[in-house]
Structures are given as structure tokens and as C-alpha cells.
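A.B. asks: Starting off with a structure, shown below.
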Amino acid sequence: MRYLELVELFEALSKTTKRLEKTKLIADFIKKIRIEEIDNTMCLLTASIFPPYDKRKIGVSDRLILKAISKSTGIKAEEVEKLWSKIGDLGDVGEKLLKEKLQKTLEVEVLTTNKVLANLRKLAELEGEGTVDKKINLIAELLANSKPNEAKFILRTILGELRVGIAEGVIRDAFAQAYNVEIKDIKKGMDLALDYSEIVKLAKQGSFKLVKIKVGRPLKVMLAILAADIDEGFEALGKPMQLEFKLDGFRVTIHKLGNNIKLFTRRLEDVSKQFPDVIDVVKKNIKGDNYVIDAEVVAYSPKTKKYLPFQTISQRIKRKYDILELAKKFPVELDVFDVLYHEGESYLDTSLKERRKLLTKIIKEKPGSIILTKCLITDDLGKAKEFYHEALSKGLEGIMMKNLNSLYKPGRYVEGWMKLKPILEPLDLVIVGAEYGEGKRASWLTSYTIACSSKEGLKIVGKVSTGVKEKDSEVTYESMTKILKPLIISQEGKSVKLKPKIVIEVGYEEIQVSQTYDSGFALRFPKFMRLRTFEKTIKDINTLEDVKRIYEKQKGKK
Ligand code: AMP
């Protein structure tokens, strides 16, 4: 397909603010895509260079884009930069400069969606000496062959935002319209496939509902909603229910296909290389040629035989060197709690009770290396409370409560699972603004405005500064400033507004009703506990409902 066809769709989308019109434009477009072009076109339509389960990064900074524009137009980088600070959007800058240049050039190659994506994907493969120049050349080559409006959208794709007002919901609606299918079925399919191109392909073949688990391709894991207490668990999940220890490690789904074992995090990142010890344990102690298993990797001290908090192993996740050494220094135990696929069969539609039974058959437990997460099936409130207190006395986060008949629902907060942690549990919130400090802290962002989610968008619940150190810590004002600065949207005096991207865990002493913030609540004595960017995105933060519930519960306790 000519890239211009897609650009024309983007332009039409940016000319209307009406959701229904946008939906129709996309629906008509999706129907037109030929089957062999679906993969690439769906990527470009969602401003992604790789499919959602492929976590390769192209590593292109604003500055590099600036140089590529300069190279392809022959205009000095300083001039391009000046225009950028005036216009604010590098895509618009590229379009404007190419319009001016176009009057001078004659022949250009016709760009196809395949060519655009191929060049952009090459960016991720470059490494080592001369990388920057090679990247500039790849982008400049595309720009040199672009019409001005094509350049605008190529640049915006590199930046990861098309700015044509198509949130995921619109694409989903368009898909439903194009193929006359129900939104809930699309959602279900997407939680497994993660990728619209697979869904579109199936729909074109008339077998849309047949999305299947593919061993080796990550999928969204099942999640739990927050419960106020055990009673609420029994009420929502029925009697008896299954209680499990809730461990403070990190979630992995383990995929085995033949000899190939892969570990994916909850955010779909492949961490197989970082955990050769876990791979080894899996190989030796889980029966089967192919499977997908859900588990928690927890830091474990062989000396004290106790679990350690997540921070102990957080550094293992991103580590690229000395991996074996680090594995020895920070050993882990694999706590398995679910199975989604085994020996060619999907267990998504099998009850938890049966899935657990299968786990007991295929896992050889070896405490300190691999166990089935400790569980208790009971209808007795007293026993359940005892189990909860046992978890807390072992220093664990709390418990999970699960409906014995629940099916495995990837990616959704549904009725099947609930989590229970001590009241005033820390909240996961997103940073939406920040303030520069005073005196010697003037160049650092030292106070962070934090928000929870709600049906009406993000709602502020306070500002946090305590807990971040000046130096000698994993999280310092300097490191936070580095992370947050690229996200600045606007500045007024010392305050900046930020793109909501960085999720942090915040502790506090109390939740108060307050007129100060638009949530109607304020955290008293908030404390920065840790960065959650590795495990959580803005979609995973706590909701206003959670805040209200904790507030109510705390009121009841007084
Ligand atoms: P939270 O991070 O507080 O939203 O809690 C959800 C996380 O708890 C999951 O993503 C898992 O990583 C973790 N978890 C720990 N133990 C269990 C368990 N027994 N069942 C399910 N998830 C668990």
C-alpha cells in the first residue's frame, strides 16, 4: 500500500473531533487492507513500529530527528531547532521544511507502508560505532522521499504519537463496525493476541473468535481487584474459596516450546536471559513439552529460608552483564499458581480447581527453588483470617482470594480474583506534574503531583517529595529529574505539567477528604516508596474507587 493512503486517513482523522466519524473512517480503511499488508498497516495505524508483544526499541531521540530533518532538507540544525521551539511538534517542523524544499526537488521515490516500516525497524538493529549517523541516514532517506504530509506522520510515528485523536477505543469500535462483531469479543481476543493485525486477519477469514494462545508469544496475565476484607472476598467469590499467599516478587509467565523456555514479565518484556537459574529450575521440575505457566519470582534467602522484598531482585531484571554472579548473590524461588496451556491444550476455559489439580501433577516441588504457591481452600472465616495473618507474619504482602470455578481471564480485572493487603496499603499512582526545588535544588524537580485513575480521567490526590534522597540512593532528585524532564508538556513558573507516564508507589498515613485536589481526597504524609515503571503502566494504577474504599474502611476503624 502507498504510505500516502494511510497519511490521507490520518489527515481526515485530524479534521474531525467526532468519534463516530473517526470510527467510520477507520472502519472503511480496515476493510480495504489486503491480507498480506495487515501486519505492517496495523502497526503504522497504531503508531507502533513493532507489534505490541515485540519490545524492541528504536532508540531515537528528538535531537537525532532534528539532525535527520536537517540532513534531508539541507537546512542547518540550529535553524531546524529554532523552528521546533516555535512550533513545538517535530512532525510539523518536518512538514513545513519539506514543503519549502519541495519547490526545489523534482523526482522522488513513491513510499510504501512496507518501505517506511522496514526503514524504521532497521533503526532497532543498529548498534556500536557510527550508529547515530546510520540512524540519521535511515530517517533522512525516508524524509527525502516523502511528501511533506508523509514526513509529518513518519516523524510522529518515530515519536510514538500520531496526534490524530485515535485512542485504542476508537480502533476497537471501528473494528466492531467493519466486521459487525461485539466489542466484548474483540476485547477478549485482544487480551490474548495483543495485536489487532491477528484479529483483523482472523476476521477477514471469517473465524474471528478463534484467537488462540500461542506458546512463545506473551499474553496479558489475569489480575485481581482490591478487596477491603475477607468477608468481601467470600461475598464476591463464593464459599468455599481458594486463598493463596500473595508474594512480593514479580510476575512471570513461563512459555515452553520444545527446548525453548521463555520468561515474560507482566508488561510482556522478555527476561529469559536475566534468569538462567529460573530457566534451569523450570526445565528440571515442570513436566511437559509445551506449556504456559503463571508464577511469581520471589527473592529468597537460603540462609534464613525467608522471602525478601521485591527491591532485592529488582536489579536482576534489567541487568545485561554478570548475570550468573548476580543470580548467586540474589537467589530466587519460583512460586507457581496457575497454568494456562499444557501439552497442546488451552486451560483458559477450565476452572481454577482443575487448573490447580493439573499443577500438582506437573510440578516437582523443591522449596527454595520452585513450589506451588501455598493455598488454603475454606469456607470458614476464622480459618481464612488465620491464613491471612500467617501470610502477614511471614512478611508477605497479603493474600489473594480466588473463586474456585473461575476461568482464566487474561488482562482483566474481573470477578474471579481479589487481593487483600493490610489497610493503608501503598497506592500506585502516576506523576502528572512536578515542581523545581529551592536554592541548591533549583535545577531538580523535587515535588511530584500524583494522580489516580477514574472514569473521568486522572484525578490528583496529592504531592509527594518525602522519600526521595539528595544522593546515595536508587531514586534521587537528580535521577527523577532525568526521567521526568522529557515528559514536560508545559511550564508555569516553577511548576511543570507532565505526560502521565511514570508510575510510583506511594505510602501515606491517612486519606483525608479535601477540596485542594480534583479527586476530593488528599493523602496525608505521602511518602515516595519506589518507582513502579518496570511493573506498571498508567493502566494499572489505583483508581478513585480504591481511594474511596480505603478512606471508608479507615473511617470505620477509627
Ligand atoms: P498488585 O501488584 O498489588 O496489583 O498485585 C497483583 C500482583 O500480585 C500480581 O501481578 C502478581 O505479580 C502478584 N501475586 C503474588 N502472589 C500471587 C498469587 N498467589 N496469585 C496471583 N498473583 C500473585
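A.B. asks: Could you tell me whether the stretch 271-279 includes any residue that is of a type in the set (A, V, I, L, M, F, W, C), in contact with a Phe, Trp or Tyr (Cβ under 8 Å, 6 or more places away or on another chain) and within 16 Å of the ligand (Cβ to nearest atom)?
C.D. replies: Checked the stretch 271-279: at least one residue is of a type in the set (A, V, I, L, M, F, W, C), in contact with a Phe, Trp or Tyr (Cβ under 8 Å, 6 or more places away or on another chain) and within 16 Å of the ligand (Cβ to nearest atom).
A.B. asks: Just for the stretch 423-443: of the residues that are over 20 Å from Glu535 (Cβ atoms) and within 16 Å of the ligand (Cβ to nearest atom), which one is surrounded by the fewest Cβ atoms within 10 Å (Cβ to Cβ)? Spell out how you get there, then give the answer.
C.D. replies: Step one: filter the stretch 423-443 for residues over 20 Å from Glu535 (Cβ atoms), giving 423-424, 433-443.
With the extra rule that they be within 16 Å of the ligand (Cβ to nearest atom), the set shrinks to 423-424.
Numbers: Ile423: 13, Leu424: 16.
Filtering first and then ranking leaves Ile423.
A.B. asks: Consider Lys553 carefully, then state whether it is farther than 21 Å from Glu397 by Cα and surrounded by fewer than 16 Cβ atoms within 10 Å (Cβ to Cβ).
C.D. replies: no
A.B. asks: Return yes or no: is Lys455 within 26 Å of Ser514 (Cβ to Cβ), surrounded by 15 or more Cβ atoms within 10 Å (Cβ to Cβ) and at pLDDT 90 or above?
C.D. replies: No; evaluated as a whole, the condition is false for this residue.
A.B. asks: Does Phe10 satisfy the criteria of being touching a Cys at 6+ places or on another chain (Cβ under 8 Å) and within 30 Å of Lys134 (Cβ to Cβ)? Before the answer, list the steps.
C.D. replies: On the way: touching a Cys at 6+ places or on another chain (Cβ under 8 Å): no; within 30 Å of Lys134 (Cβ to Cβ): yes.
Considered against the rule, which asks whether it is touching a Cys at 6+ places or on another chain (Cβ under 8 Å) and within 30 Å of Lys134 (Cβ to Cβ), Phe10 comes out as no.
A.B. asks: Now a separate question. Quick one: how many residues across the stretch 285-313 are out of contact with any strand residue (DSSP E or B) (no Cβ under 8 Å at 6 or more places or on another chain) and in contact (Cβ under 8 Å) with a residue 12 or more places away in the chain?
C.D. replies: 2
A.B. asks: Quick test for you: out of Lys303, Lys283, Lys329, pick the one residue that is over 20 Å from Asp248 (Cα atoms) and of a type in the set (Lys, Arg).
C.D. replies: Lys283
The values are calculated or read from the model by the stated rules, or taken from the named source; none is laboratory data. What you see is a predicted model; the values in this text were computed from it and never measured. As a convention, Cβ positions derive from the backbone with ideal geometry for all residues, glycine included, and neighbour counts pool all protein chains shown.
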